[in-house]
Each structure stands twice: as structure tokens, then as C-alpha cells.
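Report on the following structure.
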Amino acid sequence: MDPEFLKKNHQKTLERIQRACQAADRDGQAVALLAVSKTRNAQAVAALAALGHRAFGENYVSEGVDKITALADHSLIWHFIGPIQSNKTRQLAEHFDWVQSVDRLKLVSRLNDQRPPSKPPLNVLIQVNLDGEDQKAGCAPDQLPALANAIEAAPQLRLRGVMSIPAVRESANDQRAVFAKLKALYDELQAHHPSIDTLSAGMSNDLEAAIAEGANLVRVGTALFGPRQNR
Ligand SMILES: *Cc1c(COP(=O)(O)O)cnc(C)c1O
């Protein structure tokens, strides 16, 4: 990956975040960038790390673990953001710092049991499905309280907030409407779990709308690394 291309994209993405914060009257420091490195090789990750970026998101377990292992010397922070098969939780618990896609109770107990005691608690976001499509990952909004309570009760897990991947909407208004729904769920959860601090929403195409509605972690792939090849 051309370092100049990456540097320009990184700068542009940070500027988009800054402008969106200004437009929403929010502190420019309030929103963090997660670089989504799925399908990119370890060299591309290392090139972005060389620019001072630290937090990366992966969707596929073995691909992610390979990069974590290859880049162990870079002290990076790794988030898992993909759909979770129950038989893959051990690798997540052993290698990742965050798991953003927890959406059912079974995953909570497995991740808690499998998180090595030598490591700090695993940071966990609950993935919410806002579109009500059965085949999509994410819990229904009414399952949030039970999941949150289970995570709080798990000593090897740390509940940090919620994540969502809404279906694509073309207009900024429609994008904002669904992110506003997510923010309302987040606020309600925070009323019962005051220590949560992370609302993960917004990608390359809709990060402005997400920031306008309160997201504080945006997950960006294409705008940083360029278009993905089909996997
Ligand atoms: C791929 C992916 C992203 C990044 O999407 P872009 O449109 O490339 O920015 C963000 N979040 C999740 C969960 C993803 O799977």
C-alpha cells in the first residue's frame, strides 16, 4: 500500500471527523477513529501504524489473529467487529482487546470463561440490529438490558457500550434518523450502566450522520485504505 496514499486518506478522514464535530458543536477530541483493516495485509496496517494510528478493526477471526500475531511488536489495539460463530470465541478472547459484536447470552459466558486471567478484562460492545432483519447480526433492542446485565456480571468482561451497522440509507436525513434511534438506546442503557462510554456507529459513507447523532467511535475502512477486493 502506497504510504502517501494512506497518509492523505488518513488526514482527510481525520478532517472529516473534525468538521462533523464542529457542525454538531462537539469537541473534536470526542470522536475516535477505528481503522477497519479487514482484507488488508499486515503491511498496510503497519503503514498506518507508522503514521501514529493505533486502533484497528477486523471482521474475520483467523485473518485477524494472523495480523495480531504478525504485528505484536507494534502495540496496537484490536477490535473484533464481525459476526461471531460460537466456536470462535476462544480465539477472540485470547487475542483481541475489544469485541464489538456481542449479540447473545451464549457469547457472554463463553468469552468470560475463555478470557485468559493474565489479560485485562475484554472490552465488550453489544451489537444492536436496528432494522429488524432476521438474518442480520445484532440483538433486538429489547434484549439489550439482559445482555448488559450479563456482561456487567462477568468479571473477565467490561461493558463499554453499543455498536450498530444500519442498512444503507441514501439520504443524510434517513441516516441520521436511524443513528438517533441508536443514541436513544445508548442513553437508556447508560442510565442503568453509568460507566459505559462507547457508541460505535458510522462508516466511510455515513460517519457525518453518526457523529451528528452522538457516535464517539467511527469505523472506517474504504476511506482509509481504498476499495476492497471481493473476498
Ligand atoms: C467493513 C466494515 C466497516 C467499514 O466499512 P467501510 O464502508 O469500508 O468504511 C465498518 N464496520 C463494520 C462492522 C464493517 O464490517
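The values are calculated or read from the model by the stated rules, or taken from the named source; none is laboratory data. Predicted model, so just to flag it, every value in this text is computed and none were measured. Methodologically, a virtual Cβ is constructed for each residue, glycine included, from the backbone with ideal geometry; neighbour enumeration extends over all protein chains shown. Only protein heavy atoms, including side chains, enter the accessible area calculation; ligands, DNA and RNA are left aside. Shrake-Rupley method; radii C 1.70, N 1.55, O 1.52, S 1.80 Å.
Values for this structure:
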| read-out | value |
| --- | --- |
| R0 of 22 Å, Cβ-Cβ distance Thr39-Asp2: FRET efficiency to nearest 0.05 | 0.85 |
| Dipole magnitude (debye, nearest 20) for the stretch 35-171, charges at Cβ of Lys, Arg, Asp, Glu | 280 |
| Within the accessible area of the chain (1.4 Å probe), percent carbon and sulfur | 48 |
| Relative compactness, the stretch 148-231, computed as alpha-carbon Rg over 2.2 N^0.38 Å | 1.23 |
| Cubic angstrom per residue, convex hull over Cα atoms of the stretch 63-179 | 123 |
| Cut-off 12 Å between beta-carbons: net charge of the residues surrounding Pro116, Lys and Arg +1, Asp and Glu -1 | +1 |
| Approximate spin-label separation Asp66-Ser109, in nm, with each point projected 7 Å along Cα-to-Cβ | 3.4 |
| Length-normalised contact order of the chain in % [C-alpha pairs under 8 Å, at least 6 apart] | 20 |
| Pairwise Cα inverse-distance average, inverted: Kirkwood Rh of the stretch 1-138 (Å) | 16.4 |
| Violating pairs (Cα-Cα greater than 23 angstrom) within the set Lys38/Lys136; Lys38/Lys88; Lys106/Lys136; Lys67/Lys181; Lys88/Lys119 | Lys67/Lys181 |
| Qualifying GluC sites (Glu not before Pro) for the stretch 59-165 [loop in DSSP, other Cβ within 10 Å: at most 11] | Glu133 |
| Protection proxy ranking of 43-49, 68-74, 195-201 - average other beta-carbon atoms within 10 Å, highest first | 195-201, 43-49, 68-74 |
| Accessible area of Arg90 in the full protein assembly, 1.4 Å probe (Å², nearest 10) | 120 |
| For the chain, calculated [θ]222 nm from helices alone, where every DSSP H run of n ≥ 4 adds -39500 (n - 2.57) | -12500 deg cm²/dmol |
| Descending semi-axes in whole angstrom, ellipsoid equivalent of the chain, from the Cα gyration tensor | 25, 23, 16 |
| Computed label-point distance, nm, for sites Arg228 and Asp27 using a 7 Å Cα→Cβ extension | 3.3 |
